[in-house]
Amino acid sequence: MTDLLRSAEFWALVAFIIFVVGMFKPARRALTSALDQRIEDVRTQVEDAKQLREDAQAALANYQRKQRQAAEEAAAIIEQAREEADRHREEAEIALKAVLKRQEAQSLEKIAQAEATALREVRETAVELTIAATGELLTEKLKGPEGGALIDAAIGDLPGKLN
């Protein structure tokens, strides 16, 4: 063993082991510190990812709620438009009926006026024809001796009829 203690290789080996043992502690601290930092970074990233996931889920829920509300509002608007269209159709039907009644009344009035005008024209024509026929009959009867006697009788009755 004395040879061993005297050999340079042995002391190089001992120095190397001391060096390795001496370096192991700081290297271990650096390694564990780096690993701890990396673990902390990963943990922070995981927590950030969890927070982002929760935010995304909340945003998704919010958008889904807004979408449902928009669909409900759209349905309400459509229903309101249908009701308003029905109301306008009913009002238009009522207005159309009123216009048709007025036109019917005006038409009946025009027909009545046309009937009255036609009846008046027929009467006037009948009177004109009667006067003309009477004139011709009187002209024929008043010719000759009988006509003179009728004229004399009419003239004689005239003073009694004038009073």
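The values are calculated or read from the model by the stated rules, or taken from the named source; none is laboratory data. Since the model is a prediction, treat every value here as computed from it, not as a measurement. As a convention, Cβ positions derive from the backbone with ideal geometry for all residues, glycine included, and neighbour counts pool all protein chains shown. Side chains included, ligands, DNA and RNA excluded: accessible areas come from the protein's heavy atoms. Shrake-Rupley method; radii C 1.70, N 1.55, O 1.52, S 1.80 Å.
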>> I'd like the accessible area for residue 60: 1.4 Å probe, protein heavy atoms, all chains in place, Å² to the nearest 10.
In response: 100
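Give me the net charge for the shell around residue 72: Cβ to Cβ below 14 angstrom, other residues only, Lys and Arg +1, Asp and Glu -1.
+1
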>> Please compute, over every Cα-Cα pair in segment 15-59, the percentage with a separation greater than 17 angstrom.
In response: 57
> Over the Cα atoms of segment 25-116, what Rg and Dmax result, in angstrom?
Replying inline: 38.9, 133
>> Along the Cα→Cβ direction, 7 angstrom out, place labels at residue 42 and residue 121. What is the inter-label distance in nm?
In response: 11.4
> Once you put a point 7 Å from the Cα of residue 102 and another 7 Å from the Cα of residue 25, both along the Cβ direction, what distance in nm separates them?
Replying inline: 11.3
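Sorted from largest to smallest, which semi-axis lengths in Å does the alpha carbon gyration tensor of segment 70-156 give for its equivalent ellipsoid, taking the root of 5 times each eigenvalue?
They are 78, 8, 4 Å, listed from largest to smallest.
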> Among the lysines, which fall within straight-line cross-link reach of residue 101, defined as a Cα-Cα distance under 28 Å, with same-chain neighbours fewer than 8 residues apart omitted?
Replying inline: 110
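Roughly what percent of Cα-Cα pairs across the chain reach past 25 Å? Mind showing how you got there, number by number?
Numbers: 10592 of 13203 pairs.
Everything past 25 Å amounts to 80 percent.
Once you list every other residue whose beta carbon is under 15 Å from the beta carbon of residue 22, what net charge do they have if Lys and Arg are +1 and Asp and Glu are -1?
Numbers: positive: 25, 28, 29; negative: none.
Local charge sum for residue 22: +3.
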